[in-house]
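Worksheet for the structure shown next.
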């Protein structure tokens, strides 16, 4: 996924259509269904603050043309994003972001990212781990961390809302 930096040109194009701040990428070797790859890219862009309320997702025909995939795949992904409450389709206009999850400020995210890259990721790469091994190890460590945090809550595990926040 690439996310274009906001600019003065964002929101208009020569064709008269809104320019989307997101360009999808697919990895046919990942084993993840293409529609879920699209959904995940939108979710990541929302959580990182790259997509905001009012932004338009790329038109189905543009995604189909750039990725050479079935239009039904894109429609399925967009319906999933709509079902999650983050977007709404407007007939003849496109699909627009109408809600975003709580987003951590960019300065904080950038600091955490730099720390991760300079520390743990550098060590993992130096140890010879490939992308899939790093992803698997990170996911397992995240799961272990969530279990540890949950088990420290009174009564066992913490209940979490849809955004990962502990709830009473």
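The table that follows gives values for the structure above.
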item	result
Residue match in segment 50-66 (condition: surrounded by 12 or more Cβ atoms within 10 Å (Cβ to Cβ), outside any helix (DSSP H, G or I) and out of contact with any strand residue (DSSP E or B) (no Cβ under 9 Å at 6 or more places or on another chain))	no
Residue 113 being assigned by TED's automatic domain parsing to the domain that holds residue 32, surrounded by fewer than 16 Cβ atoms within 10 Å (Cβ to Cβ), out of contact with any strand residue (DSSP E or B) (no Cβ under 8 Å at 6 or more places or on another chain) and in a helix (DSSP H, G or I)	no
Number of the condition not met by residue 74 [criteria: (1) at pLDDT below 95; (2) under 16 Å from the mean Cα position of the chain (by Cα)]	(1)
Condition met for residue 80 (surrounded by fewer than 19 Cβ atoms within 10 Å (Cβ to Cβ) and in contact with a helix residue (DSSP H, G or I) (Cβ under 7 Å, 6 or more places away or on another chain))	yes
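The values are calculated or read from the model by the stated rules, or taken from the named source; none is laboratory data. The model shown is predicted, which means the values in this text are computed figures rather than measured ones. A quick note on method: Cβ atoms are made from the backbone with ideal geometry, for glycine too, and the neighbour counts reach across all protein chains shown.
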